[in-house]
1. Do we find a residue being in contact with a helix residue (DSSP H, G or I) (Cβ under 7 Å, 6 or more places away or on another chain), closer than 21 Å to B:Asp359 by Cβ and not hydroxyl-bearing (Ser, Thr, Tyr) anywhere in segment B:299-322?
2. Looking at the structure I just gave you, is B:Phe73 within 11 Å of chain A (Cβ to nearest Cβ), out of contact with any Phe, Trp or Tyr (no Cβ under 7 Å at 6 or more places or on another chain) and touching a residue at least 60 places away in the same chain (Cβ under 8 Å)?
3. If you go through segment B:104-137, how many residues are at the interface with chain A (Cβ under 9 Å from one of its Cβ atoms), buried (at least 18 other Cβ atoms within 10 Å of the Cβ) and out of contact with any helix residue (DSSP H, G or I) (no Cβ under 7 Å at 6 or more places or on another chain)?
4. When the residues of segment B:149-167 are filtered to those that are over 20 Å from A:Gly71 (Cβ atoms) and within 14 Å of chain A (Cβ to nearest Cβ), which remaining residue is surrounded by the most Cβ atoms within 10 Å (Cβ to Cβ)?
5. Yes or no: B:Gly172 at pLDDT below 95 and facing chain A (nearest Cβ under 10 Å)?
6. Would you tally the residues in segment A:34-50 being at pLDDT 90 or above and crowded, with 16+ Cβ neighbours inside 10 Å?
7. Could you figure out which of (1) closer than 28 Å to B:Met206 by Cα; (2) at pLDDT 95 or above isn't true of B:Glu117?
Amino acid sequence: EDNPGLISQTAAMNYLSQFGYLQPINPTSGGIISQDTLSKAISEFQAFAGLNITGDFDEETYKLMALPRCGVKDKVGPGFGRSKR
Amino acid sequence: YALQGSRWRVKKLTYKISKYPRNLPQHKVDVELNKAFKVWSEYTDLVFIQKKSGQVHIEIRFEKGEHGDGDPFDGPGGTLAHAYFPVYGGDAHFDDAEQWTIDSFRGTNLFQVAAHEFGHSLGLSHSDVKTALMAPFYRGYEPYFTLDDDDIQGIQALYGKKLVSTGGIPSGPRYTTTTSPPSEEDSELCTDPRVDTMFNSAEGHMYVFKGDRYWRLTADGVAVGYPKYISHSWKGLPGNIDAAFTYKNGKTYFFKGSKYWRYVGKRMDGDYPKEISEGFTGIPDNIDTVTVWTGNGKIYFYKGTKFWRFDPAQKPPVKNTYPKLTSNWEGVPDNLDASIVYRGYTYFFKGNAYYRFNDRTFSVDVAEPAFPRSTAYWWFGCRSATKGTLGETDEQLVTSSNQ
């Protein structure tokens, strides 16, 4: 409701997950993620895309998420891998 | 640019279009995809050969919805295509629900998207440089497409610079088929290396501004594809800038006359210009240069024979003990043109020459050849310029006669 004509918050979260900013949501946890985790993921996306880093789904972020794009994850380089235990 | 971590071990790669799009003639698709591969072979020794059958390195398919790789397409808009990195086979899939077009502002440009996807097929990941081909978002049809320097650096990091002339058809004004590597002498800066300002961007790039144009510097000299117009990249920023710096907040400040502008990357960060007297109280108009000194992280403004220290955390930000004489910076001349921090040193530029300041000795470095050195040779990659110490005249530093 906050972004008419753009995408829903659920779709935005799926977007972050699809492009590597959020870990795939675990169905056994009911798909719940902390606000902190979400805010961090949004911030990372905003930083990568050169947007103002607010950590919130603002209009500018929604707009960018609605753009056509490549389906490859943004975060795939060696720096984005899991760290060694 | 970002590298995924894998690359092809051979330079001669084959490809096959196994499934063509529904809305374009096959021969036209062949031409566009061939052009898209050429974007990358223009700057490397990679060679791409189309095959109609048999095994190939890169398989290309136009598909709709679920197409067997567990990553279904989503119809018009959204995801346009995806491709696999070399370690995963290099294949490229395009959403056949898109309206693929050629040389048109309608639909989605096939050549541009294909060139991007083939970047993945070769090992490039998404870039956070907005102007790069490897940025993830589709920007619309660009009739005068040119590969961004960021992409060139990326592909050359994987496959090296082009050494062999292909004799192919240049695809743009700066796409030549010479045997020279693309980072070559810039005639303008080599002829007259005096600059308006130099600064580091938050992304780690070094820029030179001169008049209404700018260049990006690499470790080897001037980057390919420059100069560009300042006003085309930093919308709203005029030419003939006096000074610039990027602060630890990631914002870049430009100064000209009595005014200043603030940018985040290449986007203006609010309503500018503003008066220097308002945003930088205590700093005069018409400054020569500014630098964030590596010694203490504070901002130093230079003008004529004087300098001012600006600390935004203090009130007032400029102490009343300023201005002081530039001669306090031992060996640094008055009336500077520019300054920049590079690998922990602060460099000052004046006329054709530059000085390296050593924070530990708090003086211009003693080195061989001595400073001042030729900016053209050491910064702009002008191999015909003198390499040694430059002499000094009253107004301007010039090449000494014995060099």
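The values are calculated or read from the model by the stated rules, or taken from the named source; none is laboratory data. Predicted, not measured: the structure shown is a model, and the values here were computed from it. Every residue, glycine among them, receives a Cβ derived from its backbone with ideal geometry; neighbour counts consider all protein chains shown.
1. For segment B:299-322, residues in contact with a helix residue (DSSP H, G or I) (Cβ under 7 Å, 6 or more places away or on another chain), closer than 21 Å to B:Asp359 by Cβ and not hydroxyl-bearing (Ser, Thr, Tyr): present.
2. Numbers: within 11 Å of chain A (Cβ to nearest Cβ): yes; out of contact with any Phe, Trp or Tyr (no Cβ under 7 Å at 6 or more places or on another chain): yes; touching a residue at least 60 places away in the same chain (Cβ under 8 Å): no.
Spelling it out, it is not the case that B:Phe73 is within 11 Å of chain A (Cβ to nearest Cβ), out of contact with any Phe, Trp or Tyr (no Cβ under 7 Å at 6 or more places or on another chain) and touching a residue at least 60 places away in the same chain (Cβ under 8 Å).
3. Summing the residues that are at the interface with chain A (Cβ under 9 Å from one of its Cβ atoms), buried (at least 18 other Cβ atoms within 10 Å of the Cβ) and out of contact with any helix residue (DSSP H, G or I) (no Cβ under 7 Å at 6 or more places or on another chain) in segment B:104-137 gives 9.
4. Filtering segment B:149-167 down to residues over 20 Å from A:Gly71 (Cβ atoms) leaves B:149-150, B:152-153, B:155-167.
Filter once more, so that each one left must be within 14 Å of chain A (Cβ to nearest Cβ): B:150, B:157-158.
Values: B:Asp150: 24, B:Ala157: 13, B:Leu158: 20.
So, considering only residues that are over 20 Å from A:Gly71 (Cβ atoms) and within 14 Å of chain A (Cβ to nearest Cβ), the one surrounded by the most Cβ atoms within 10 Å (Cβ to Cβ) is B:Asp150.
5. Details: at pLDDT below 95: yes; facing chain A (nearest Cβ under 10 Å): no.
So B:Gly172 does not fit the description; no.
6. Qualifying residue count, segment A:34-50: 9.
7. (1)
Condition check ((1) touching a residue at least 60 places away in the same chain (Cβ under 8 Å); (2) surrounded by fewer than 19 Cβ atoms within 10 Å (Cβ to Cβ); (3) touching a Pro at 6+ places or on another chain (Cβ under 8 Å)) across all residues:
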residue: B:Glu32; (1), (2), (3): yes, no, no
residue: B:Lys35; (1), (2), (3): yes, yes, no
residue: B:Leu46; (1), (2), (3): yes, no, no
residue: B:Ile58; (1), (2), (3): yes, no, no
residue: B:Glu66; (1), (2), (3): no, yes, yes
